[in-house]
Protein chains: 2
Amino acid sequence: MTLARRSKEKAWPETVKATLDGLLRVLENPTRRRILERLARESHYPLQLSKELGVSQQAVVKHLRALEESGLVSSTEEKSDLGGPNRRAYRATERFSLQIDMGPRLFHAEMRPMAHAPSNVREYGWAEDMLRRARAEDDPRRRVRLLGETIRKLNREIDAVEERRLNLLRLKDAAMGEAQGSVGDVLASYQERQVLYFFLEQGAPSLDRIAEALDLREKVVADLLRRIEREFPLIGEA
Amino acid sequence: MTLARRSKEKAWPETVKATLDGLLRVLENPTRRRILERLARESHYPLQLSKELGVSQQAVVKHLRALEESGLVSSTEEKSDLGGPNRRAYRATERFSLQIDMGPRLFHAEMRPMAHAPSNVREYGWAEDMLRRARAEDDPRRRVRLLGETIRKLNREIDAVEERRLNLLRLKDAAMGEAQGSVGDVLASYQERQVLYFFLEQGAPSLDRIAEALDLREKVVADLLRRIEREFPLIGEA
C-alpha cells in the first residue's frame, strides 16, 4: 500500500488495516462469495443456501459464521410458520469496494467504505430522477420495469468509469516505469530510492509517514532526505 | 458474480474463473502483498526482501514461489559480482485490476486484465504529453521531477474516477433494493425471482446463460420464463 492511500485510511476506524486483511481472508473462499451473491438478492436460511449451492448445511453454517464474524452479513431469528424450531435468516449488510491494482510498476490494495447517500447528486441526477419515478409508480410490474432500465443504465456507466480507471492506471504504470529507471540512474542507495518513490506519489510526505511506511527511524529518514536533496535539488519544490 | 460480468469474462482465457480464485488466494496473505509492493518498485533478491520486511528468508522464498506459480512475479538468475553463488532476482510482471464491490443489495467480484496500451488516448492526451516531455528531458533530475508531477496528477484523476464509481454503485444498490422489494410483492417463487434478477441487470439474457448461472436445466428455465411472463408482461420488452 502506498503512503498516499495510508494517509486516507487514517480517517477510517483504527481497524481498517485489519479489515482489508480480514476481508481478503473471508472473500478468498469461492463458496463464501457465492453465498454473498445470494444474500445480496434476498435473505436466506442455511438449509435453503445448502440446497441452492449444493453444499452441505454444515459447511454453509460454518461459512455464515465466518461472514457474520467479519461483519459482512447479519442474522435474525424467525419463528417457523409450521410450528417447527425457529430459523435463522441471513442478510448481507456491509457496504464497501475492495480494489487490488497491479501493473509491473504499481501495486495498490485498498478498501473503500461505501457511504449510504451519494455524495455527488448533481452528476447522477438522471439516476435519482429514474429512481423517484419508479418509487411513484403504483403498479409493481411497471415499477420493476423502470428499475430494470435504471439498473442497466447504471451498469453501462459503471463499465465506462471502470474503463477510464484502467486507462489511468496504465498511464500511471508507464510513468512509474520511466521514473524508476531515471531514479536508478542517479541514486545508488536502495533506501534513498525507496524514499524518493514516496515523493513521486505524494509531493512532500511528512517525515513520520515515510518513517512508518519504510519502518525506519525518523532520524534515518531525515538523513536520507538530506542526501537525496543533494542529488535531486528540485524535489523539494514538488 | 452476475451474469453480465460472466459474459464479459468469456472473452478472456478459459482459466479466468480459476484466476480470480487463484489471485484472491495468493493476495490474501499480507506478507505477499508487501513483497509485491516492493517488487513493483524494483527487482529484489530473496535475502534483500527478508531484511527489508523483517521476515525469514525461508518464508520469503516460500511466498516468492507461490507468487511465481500464480504468474504475478518472474525471476532471472544473475551472476554474483563477488564471485559467490548465483542469485535470483524477482520482478512483478502481471497487469490486472481486481475489484470486489458489496452493498447490502449488490455483490460483484471481478478481475479485469490491464492491457499494455491505453485504449482511449484522446481523453488522457495531457498525460501522454507529459510522459513525452519527460522522455525528451536529458537531465534525469528534471525528468524525475516531471514524472513526479505526472504521477501525482494521475493519482488525483484516479481518485476522482473512483469516487464517481462509488457514487454509481451506491445508486445501483438503491435501485436493486427497490426492485427486490417490488419483485417480492409479485413473484412468490424463489426461482422465478432469481431469474427475474438477471433480467433486471441484463435486459434479455439467453436461456443457456441463465441456466448456467443458476445451475438449472434449460427446460426448467424456459418454464420459469413463461410463468414470469404471465406476471410481468412488460419484461420481454426490456
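The values are calculated or read from the model by the stated rules, or taken from the named source; none is laboratory data. Remember, predicted model here, so these are calculated numbers, not experimental data. Cβ coordinates were reconstructed from backbone atoms using ideal geometry, including for glycine residues, and neighbour counts include every protein chain displayed.
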>> Among the residues of the stretch B:132-154, are any in the same structural domain as B:E231 (by TED's automatic domain parsing) and within 27 Å of the chain's Cα centre (by Cα)?
In response: no
>> I'd like the full set of residues that are modelled with pLDDT of 85 or more and not in a helix (DSSP H, G or I), limited to the stretch A:200-234.
In response: A:L216, A:R217
> Among the candidates A:L225, A:L207, which residue alone is over 30 Å from B:G181 (Cα atoms) and either without any contact (Cβ under 8 Å) to a residue 24 or more places away in the chain or touching a His at 6+ places or on another chain (Cβ under 9 Å) (or both)?
Replying inline: A:L207
>> Looking at the stretch B:58-91 only, could you name the residues that are in contact with an Asp or Glu (Cβ under 9 Å, 6 or more places away or on another chain) and within 14 Å of chain A (Cβ to nearest Cβ)?
In response: B:S70, B:G71, B:L72, B:V73, B:S74, B:S75, B:A89, B:Y90, B:R91
>> Any residue that is of a type in the set (F, W, Y), assigned to a helix (DSSP H, G or I) and facing chain A (nearest Cβ under 7 Å) - is there at least one of those in the stretch B:105-121?
In response: no
> Is there a residue in the stretch B:129-136 that is buried (at least 21 other Cβ atoms within 10 Å of the Cβ), within 7 Å of chain A (Cβ to nearest Cβ) and farther than 30 Å from A:P140 by Cβ?
Replying inline: yes
> Any idea how many residues of the stretch A:112-141 are of a type in the set (A, V, I, L, M, F, W, C) and at pLDDT below 90?
Replying inline: 4
> For residues in the stretch A:42-99 being in a strand (DSSP E or B) and of a type in the set (S, T, Y), which is surrounded by the most Cβ atoms within 10 Å (Cβ to Cβ)?
Replying inline: A:Y90
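Yes or no, residue by residue, for (1) farther than 30 Å from B:M176 by Cα; (2) in contact with a helix residue (DSSP H, G or I) (Cβ under 7 Å, 6 or more places away or on another chain):
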site: B:S43; (1), (2): yes, no
site: B:V61; (1), (2): yes, yes
site: B:V73; (1), (2): yes, yes
site: B:L82; (1), (2): yes, no
site: B:N86; (1), (2): yes, no
site: B:A92; (1), (2): yes, yes
site: B:G103; (1), (2): no, yes
site: B:R112; (1), (2): no, yes
>> Please go through the stretch B:20-32 and give me each residue that is of a type in the set (K, R) and modelled with pLDDT under 95, ordered by number.
In response: B:R25
>> Any residue that is in contact (Cβ under 8 Å) with a residue 60 or more places away in the chain, touching a strand residue (DSSP E or B) at 6+ places or on another chain (Cβ under 7 Å) and either of a type in the set (D, E, K, R) or not in a loop (DSSP other than H, G, I, E, B) (or both) - is there at least one of those in the stretch B:175-196?
In response: yes
> Among the residues of the stretch B:202-229, which ones are buried (at least 17 other Cβ atoms within 10 Å of the Cβ) and within 18 Å of A:P140 (Cβ to Cβ)?
Replying inline: B:I228
> Quick one: what pairs do we get from the stretch A:77-97, first residue touching a residue at least 40 places away in the same chain (Cβ under 8 Å), second among the basic types (K, R) and surrounded by 10 or more Cβ atoms within 10 Å (Cβ to Cβ), C-beta under 8 Å, 6+ apart or different chains?
Replying inline: A:A92/B:R105; A:F96/A:R112
> Out of (1) assigned to a helix (DSSP H, G or I); (2) buried (at least 17 other Cβ atoms within 10 Å of the Cβ); (3) at pLDDT below 90, the odd one out for A:V144 is which?
Replying inline: (3)
> What is the one condition in (1) of a type outside the set (D, E, K, R); (2) part of a helix (DSSP H, G or I); (3) over 25 Å from A:F107 (Cβ atoms) that B:V161 does not satisfy?
Replying inline: (3)
> Given (1) among the small types (G, A, S); (2) touching a residue at least 40 places away in the same chain (Cβ under 8 Å); (3) within 30 Å of B:R91 (Cα to Cα), where does A:S70 come up short, assuming only one miss?
Replying inline: (3)
>> I'm checking my understanding of the structure. Among residues of the stretch B:43-57 that are within 17 Å of B:N86 (Cα to Cα) and among the polar types (S, T, N, Q), which one is nearest to the other protein chains (Cβ to nearest Cβ)?
In response: B:Q48
>> Restricting to the stretch A:159-187, count the residues that are more than 7 Å from chain B (Cβ to nearest Cβ), aliphatic (A, V, I, L, M) and over 15 Å from A:R226 (Cα atoms).
In response: 1
> Among the residues of the stretch A:83-115, how many are farther than 24 Å from A:R38 by Cβ and among the aromatic types (F, W, Y)?
Replying inline: 1
